[in-house]
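Shown below is the structure under consideration.
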Amino acid sequence: MSTKNIKLPPLLIEFGKIFTTAGYKAYLVGGAVRDMFMKVPAHDWDVATNATPQDVIKLFKFVVPTGIEHGTVTVHFKGTEIEVTTFRTEAGYSDGRHPDSINYAATIEEDLARRDFTMNAIAASLEDGAVVDPYGGQEDIKNRLIKTVGVAHERFMEDGLRPVRALRFASKLNFSIENNTYSEIFKKEIQEKAASISIERFRDEFEKIMASPKPSVGLKLLEETGLMSIFLPEFMVCRGCVQSDYRAFHKFDVMDHLYYACDGAPADKLNVRLAALFHDIGKPAAKKLVKETVLDGDKNDGSTKEIETITFYNHESYSEIITKQVMTRLKFSNEMINNVCHLVKEHMFHYETNWSEAAVRRFIIRTKPECMEDLYDLRMADMYGMYNEPVDIRYSASIQLLLELKERVHSELEKKTTLSLKSLAVNGRDLMAAGIPAGKELGRILNELLECVIEDPEMNDKDRLLEVAKRLSN
């Protein structure tokens, strides 16, 4: 049975009274209503009204015309941003994104008819919480089902992003996609419409898939529907790229390993989840089959057998190059690209208990102190992705080694040992004052001094370093 009224937060009731007093209608719409029916906290407030943007500007003191050409303004009300859009209908989507014409509508029902999925086409009056649900959205939410408003083909042809959004919602909400809605995504015409959207719009949805509880759900749907071939074609060679040989290190092919590694990365770290997805993308390019002849251990007659070993030497370098290409095409920020590429490049570190303190310091310098926690998280995600389940710390030698490395790195960072040229007790001016000319030689000597201090932190004394510098310059 559908709910006829919902309880609204006091802030929205107060907000709604301003519209009602002025003779207008206002409704809470979109994701917030869906979240309320799912009994999860709602954060973003979207309101639909029969008041025009100019009317709204007159009603409130602080209004920003964020999308006024589409009938949308953002009202700042008691410390909260509320997006307000005039009831509207839309017609024609020649560019697959923007309606060719927008007309203001008279009723909330007309406005809801233009929305993408039934679960997003529910409204609640700000006057009394009365629910308007013309497309059975409540029932679909109850059944955890994603279904288009009206004819799926028409909705997807209106906006090429909608098929991607369907997959994103399935991943985020753990919903199924209704059969007719899902089958429509595979059609050539819909795929072409999806391919026409801007790469930034895809990236925004892709980021939301990566932030979902199990990114593997959305990633598999992208692959299954063919949308991955359109937007992330570089990953397709990972499907069927076998990793396991007689040593049985890996359970999955490269593609599934990458998906599950994403699941094992922290949900609140987009950079680590991206690094988990990309860290082995270079394996197909680096893969080699090595055949060896060895003694047959099953026989005692000295006979031999041939075994085949799979290697992926230097795959992290291939992965870093591909990661940069893909993320640049998706127009991620340079900061995010550099961070993810660095994690991908360094994910193959191999720590051993017999590392010296100097070796730990060199590891910190190479991998960057500010990236250490992310690198640990990536290593844990990589291990998760090998089996699609958490690794039991009690029985994992790899995790025990990782914990030991973390402790040793923490200890070095606590000592505030010298890890960069900036921390040296001497600088270029000091060396020039001691008679060493500026230029490449001076730079070489500074780096040699840093190596001395990394080996023995007590060497970081100005007089001692100047003495070493003079010897090095002769």
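The values are calculated or read from the model by the stated rules, or taken from the named source; none is laboratory data. Everything numeric in this text was worked out from a predicted model, so none of it was measured. Note that each Cβ is placed from the backbone with ideal geometry, even for glycine, and that neighbours are counted across all protein chains shown. Accessible surface is based on the protein model in full, side chains and every heavy atom, while ligands, DNA and RNA are left aside. Shrake-Rupley method; radii C 1.70, N 1.55, O 1.52, S 1.80 Å.
Among the residues of the stretch 218-247, write down those that are open to solvent by 50 Å² or more (accessible area, probe 1.4 Å), in contact (Cβ under 8 Å) with a residue 12 or more places away in the chain and within 27 Å of residue 158 (Cα to Cα).
220, 230, listed by residue number.
I'm checking my understanding of the structure. Among residues of the stretch 130-149 that are under 22 Å from residue 227 (Cβ atoms) and open to solvent by less than 60 Å² (accessible area, probe 1.4 Å), which one is farthest from the chain's Cα centre (by Cα)?
First, the residues of the stretch 130-149 that are under 22 Å from residue 227 (Cβ atoms): 144-149.
Then keep just the ones that are open to solvent by less than 60 Å² (accessible area, probe 1.4 Å); that gives 145-146, 148-149.
Numbers: 145: 24, 146: 23, 148: 26, 149: 29 Å.
By that ranking, first place goes to 149.
Of the conditions (1) at pLDDT 95 or above; (2) buried (at least 16 other Cβ atoms within 10 Å of the Cβ), residue 253 clears all except one; give me its number.
Answer for residue 253: the failing condition is (1).
Can you name every residue in the stretch 108-131 that is of a type in the set (Ser, Thr, Tyr) and touching a residue at least 40 places away in the same chain (Cβ under 8 Å)? Spell out the reasoning first.
Here is the first cut: in the stretch 108-131, the ones of a type in the set (Ser, Thr, Tyr) are 118, 125.
Within the stretch 108-131, 125 is the sole residue that qualifies.
Any residue at all in the stretch 407-423 that is open to solvent by 60 Å² or more (accessible area, probe 1.4 Å) and outside any helix (DSSP H, G or I)? Break it down stepwise before answering.
Step one: filter the stretch 407-423 for residues open to solvent by 60 Å² or more (accessible area, probe 1.4 Å), giving 407, 410, 413-416, 421-422.
Cutting the leftovers down to outside any helix (DSSP H, G or I) gives us 416.
Yes, the stretch 407-423 contains at least one residue that is open to solvent by 60 Å² or more (accessible area, probe 1.4 Å) and outside any helix (DSSP H, G or I).
Kindly state which helices (runs of 4 or more DSSP H) lie completely within the stretch 165-281 and contain at least 3 residues that are farther than 30 Å from residue 150 by Cβ.
Details: elements: 179-185, 188-195, 199-210, 215-225, 227-231, 254-264, 270-278.
Counting at least 3 such residues, we get 254-264, 270-278.
Which numbered condition trips up residue 211, out of (1) closer than 23 Å to residue 286 by Cβ; (2) surrounded by fewer than 20 Cβ atoms within 10 Å (Cβ to Cβ)?
(1)
Conditions (1) more than 19 Å from residue 104 (Cβ to Cβ); (2) within 32 Å of the chain's Cα centre (by Cα), marked per residue:
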{"site": "4", "(1), (2)": "yes, no"}
{"site": "13", "(1), (2)": "yes, no"}
{"site": "32", "(1), (2)": "yes, yes"}
{"site": "37", "(1), (2)": "yes, yes"}
{"site": "43", "(1), (2)": "yes, yes"}
{"site": "46", "(1), (2)": "no, yes"}
{"site": "57", "(1), (2)": "no, no"}
{"site": "61", "(1), (2)": "yes, no"}
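Out of everything in the stretch 35-93 that is outside any strand (DSSP E or B), closer than 21 Å to residue 123 by Cα and touching a Pro at 6+ places or on another chain (Cβ under 9 Å), what residue ends up being most open to solvent (accessible area, probe 1.4 Å)?
70
Here's a check for you: in the stretch 390-406, which residue that is small (Gly, Ala, Ser) and in a helix (DSSP H, G or I) is farthest from residue 367 (Cα to Cα)?
Going residue by residue through the stretch 390-406, those that are small (Gly, Ala, Ser) are 396-398.
Subsequent filtering for residues that are in a helix (DSSP H, G or I) retains 397-398.
Working: 397: 22, 398: 19 Å.
Taking the candidates together, the pick is 397.
Given the conditions (1) surrounded by 14 or more Cβ atoms within 10 Å (Cβ to Cβ); (2) in contact with a Lys or Arg (Cβ under 9 Å, 6 or more places away or on another chain), and given that residue 26 satisfies all but one, which numbered condition is not satisfied?
(2)
Another question, if that's okay. So which residues in the stretch 168-185 are over 17 Å from residue 34 (Cβ atoms), touching a helix residue (DSSP H, G or I) at 6+ places or on another chain (Cβ under 7 Å) and surrounded by 15 or more Cβ atoms within 10 Å (Cβ to Cβ)? Let's see the steps before the verdict.
Filtering the stretch 168-185 down to residues over 17 Å from residue 34 (Cβ atoms) leaves 179-180, 182-185.
Subsequent filtering for residues that are touching a helix residue (DSSP H, G or I) at 6+ places or on another chain (Cβ under 7 Å) retains 180, 184-185.
Matches in the stretch 168-185: 184, 185.
As an exercise: evaluate residue 135 against (1) among the aromatic types (Phe, Trp, Tyr); (2) more than 26 Å from residue 6 (Cβ to Cβ); (3) not in a helix (DSSP H, G or I) and give the number of the one condition it does not meet.
Of (1) among the aromatic types (Phe, Trp, Tyr); (2) more than 26 Å from residue 6 (Cβ to Cβ); (3) not in a helix (DSSP H, G or I), only one is false for residue 135: (2).
Yes or no: residue 389 modelled with pLDDT under 95 and open to solvent by less than 40 Å² (accessible area, probe 1.4 Å)?
Working: modelled with pLDDT under 95: yes; open to solvent by less than 40 Å² (accessible area, probe 1.4 Å): no.
So residue 389 fails the test.
Turning to a different aspect of this structure: One residue is enough: does the stretch 369-380 have a residue meeting the conditions open to solvent by 40 Å² or more (accessible area, probe 1.4 Å), assigned to a loop (DSSP other than H, G, I, E, B) and within 20 Å of residue 254 (Cβ to Cβ)?
no
Which of the numbered conditions does residue 189 fail, given that it passes all the others? Conditions: (1) open to solvent by 30 Å² or more (accessible area, probe 1.4 Å); (2) among the acidic types (Asp, Glu); (3) modelled with pLDDT under 95.
(3)
Return a yes/no flag: does the stretch 315-324 have any residue that is buried (at least 19 other Cβ atoms within 10 Å of the Cβ), touching a helix residue (DSSP H, G or I) at 6+ places or on another chain (Cβ under 8 Å), not charged (D, E, K, R) and not in a helix (DSSP H, G or I).
Within the stretch 315-324, not a single residue is buried (at least 19 other Cβ atoms within 10 Å of the Cβ), touching a helix residue (DSSP H, G or I) at 6+ places or on another chain (Cβ under 8 Å), not charged (D, E, K, R) and not in a helix (DSSP H, G or I).
Separate question: Mind counting the residues in the stretch 424-443 that are assigned to a helix (DSSP H, G or I) and either free of Cβ contacts under 8 Å to residues at least 12 places away in the same chain or open to solvent by less than 70 Å² (accessible area, probe 1.4 Å) (or both)?
Initial filter on the stretch 424-443 (assigned to a helix (DSSP H, G or I)): 428-433, 440-443.
Keeping just the survivors that are either free of Cβ contacts under 8 Å to residues at least 12 places away in the same chain or open to solvent by less than 70 Å² (accessible area, probe 1.4 Å) (or both) gives 428-433, 440, 442-443.
Here the count works out to 9.
Could you tell me whether the stretch 346-368 includes any residue that is open to solvent by less than 40 Å² (accessible area, probe 1.4 Å), of a type in the set (Ser, Thr, Tyr), under 23 Å from residue 420 (Cβ atoms) and in a loop (DSSP other than H, G, I, E, B)? Break it down stepwise before answering.
Looking only at the stretch 346-368, we keep the residues that are open to solvent by less than 40 Å² (accessible area, probe 1.4 Å), and these are 346-347, 349, 351, 358-361, 363-364, 367.
If we keep only those that are of a type in the set (Ser, Thr, Tyr) too, we end up with 351, 367.
Now restrict to residues that are under 23 Å from residue 420 (Cβ atoms): 351, 367.
Filter once more, keeping what is in a loop (DSSP other than H, G, I, E, B): 351.
Within the stretch 346-368, one or more residues are open to solvent by less than 40 Å² (accessible area, probe 1.4 Å), of a type in the set (Ser, Thr, Tyr), under 23 Å from residue 420 (Cβ atoms) and in a loop (DSSP other than H, G, I, E, B).
Next question, about the same structure. Write out, first by first residue and then by second, each pair whose Cβ atoms fall under 8 Å of each other, whose residues are 6+ apart or on separate chains, and whose first residue, in the stretch 1-18, is more than 23 Å from residue 51 (Cα to Cα) while the second is exposed (fewer than 13 other Cβ atoms within 10 Å of the Cβ) and modelled with pLDDT of 95 or more.
none
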